[in-house]
1. Can you compute the FRET efficiency between Thr151 and Ser48 using 1/(1 + (r/R0)^6), with r the Cβ-Cβ distance and R0 = 22 Å? Round to the nearest 0.05.
2. When the label point is put 7 Å from the Cα of Val55 along its Cα-to-beta-carbon vector, which residues of the range 62-76 have a backbone N closer than 11 Å?
3. What is the extension gain from Ala35 to Glu88, computed as 0.36 nm multiplied by their sequence separation minus the C-alpha to C-alpha distance, in nm to one decimal?
4. Taking the solvent-accessible surface of protein heavy atoms with a 1.4 Å probe, what is the per residue accessible area of the chain in Å²?
5. Between Leu99 and Ala27, what's the calculated FRET efficiency when r is the beta-carbon distance and R0 is 22 Å? Round to 0.05.
6. What percentage of the solvent-accessible surface of the range 1-152, computed with a 1.4 Å probe over protein heavy atoms, is contributed by carbon and sulfur atoms?
7. What does the highest-first list of 69-78, 51-60 look like by mean Cβ count within 10 Å?
8. For the range 35-158, what does the equivalent ellipsoid look like in terms of its semi-axes, each the square root of 5 times an eigenvalue of the Cα gyration tensor, given largest first in whole Å?
Amino acid sequence: MLTACKARIKQALVAQGIVDRNVCMNAGQAGQMRAKPYAVLHITSDESEFDGSLVSTTADPATRTVTKLRRRYRRTIQLGVALIDKNETLCDGRAEQLLAGLPRGFIDADGHYIALSPGRAKWSEDEGFVLDETRAELTLTFAGGIYVTETAPLVDASTAVRIDATLAPQGA
């Protein structure tokens, strides 16, 4: 899920004009960047909690099985996206373009939906005027899950166990 989230953000950054090599996938690469604009992606938090909810059920009469997809854990990832540009106006425009271009969610490679919602933004400027840059730190939250597939034999109602019971009238 983390790889899919980072890839989706990188795709959106490249679509708005940041050169592919100027999108750093971790903070360690950021120290090497000199050309502006550039972006740095980093994980702020990654939390999982037990869910166990049933997502879908599919019956296959040919193999006489039923397949259930369960979300074992609900997973929430917060990803920080630092946008660095020459001045506040350019940086603000890039932040707005990024947010405007992001979908509310997407389907990952396994076919599971991952919801996306923007969070807070934190701004900072180079106080020493050495680097001549403005930094916008956006927080994006991705909500998805860890899924498991369970397969069981299909139970046919006509061959299921039938219990006949006759109740005696009370007081007899």
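The values are calculated or read from the model by the stated rules, or taken from the named source; none is laboratory data. Since we're looking at a predicted model, the values are computed, not measured. Positions of Cβ are generated from backbone atoms using ideal geometry, with glycine treated the same way; all protein chains shown enter the neighbour counts. Accessible surface is based on the protein model in full, side chains and every heavy atom, while ligands, DNA and RNA are left aside. Shrake-Rupley method; radii C 1.70, N 1.55, O 1.52, S 1.80 Å.
1. Values: r = 24 Å, r/R0 = 1.09.
Once rounded, the FRET efficiency stands at 0.35.
2. Zone members listed by number: 69-75.
3. Working: separation 53, 0.36 × 53 = 19.08 nm, distance 1.62 nm.
Fully extending the segment from Ala35 to Glu88 adds 17.5 nm.
4. 64 Å²
5. Numbers: r = 22 Å, r/R0 = 0.98.
Once the sixth-power term is evaluated, E becomes 0.50.
6. Details: 4420 of 8860 Å².
Exposed carbon and sulfur together represent 50 percent of the surface.
7. Numbers: 69-78: 16.8, 51-60: 11.3.
The densest-packed peptide leads the list: 69-78, 51-60.
8. Numbers: eigenvalues 421, 34, 18 Å².
Computed over the range 35-158, the values are 46, 13, 10 Å.
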